[in-house]
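Chemist: Provided herewith is a single structure, encoded as structure tokens, for subsequent inquiry.
The values are calculated or read from the model by the stated rules, or taken from the named source; none is laboratory data. Quick caveat, the model's predicted, so the values are computed rather than measured. Here the Cβ positions follow ideal geometry from the backbone for every residue, glycine too, while neighbour counts run over all protein chains shown. Please note that ligands, DNA and RNA were not included when accessible areas were found on the heavy atoms of the full protein model with its side chains. Shrake-Rupley method; radii C 1.70, N 1.55, O 1.52, S 1.80 Å.
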Amino acid sequence: QVQLVESGGGMVQAGGSLRLSCAASGSIFSDRAIGWYRQAPGKQRELVASITRIGRINYADSVKGRFTISRDDAKNMVDLQMISLKPDDTAVYYCNSIYDPAAWGQGTQVTVSS
């Protein structure tokens with residue numbers, strides 16, 4: 001069974017940076033578009049960045065220019081580099097396959113203080 005493990009979250013001040021990593025057991029990343037999602041308290045989970053198997057990337061407008069998604073299929077990992085963080089970025093961050101999702105992992109908490 002595929003397991004997704006997100007890591008790299010933490011508490012930072014506004015303007016700070018974090019790098020999140022998503023590791024998957026199994027072959028979930030092979031030939032799949034992978035996304036980073038986030039869910040803030042009281043809000044629905046939203047897709048913030050995605051990368052296809054050929055490297056086509058999309059970002060939510062709210063994170064464009066600040067977040068960078070990358071993938072390493074040999075290591076079954078997808079990273080999310082986040083800079084210029086804002087309090088509105090505070091959320092639990094998750095990764096998953098876009099079109100064929102596995103069970104959601106526990107996510108990693110990102111807290112940005114003003």
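Chemist: So which trypsin sites (Lys or Arg not before Pro) in segment 1-79 end up in coil per DSSP with only 16 or fewer other C-beta atoms within 10 Å?
Modeler: Loop-located and lightly packed - 43, 45, 53, 56, 64, 66, 75.
Chemist: Sort 111, 68 from largest to smallest accessible area, using a 1.4 Å probe on the heavy atoms of the protein chains.
Modeler: Descending accessible area places them as 68, 111.
Chemist: At a Cα cut-off below 16 Å, give the lysines reachable from residue 75, other chains included and same-chain residues fewer than 8 away excluded.
Modeler: Reachable lysines: none.
Chemist: Hey, which lysines would be in cross-link range of residue 64, C-alpha to C-alpha under 19 Å, not counting anything within fewer than 8 residues on its own chain?
Modeler: Partners within reach: 86.
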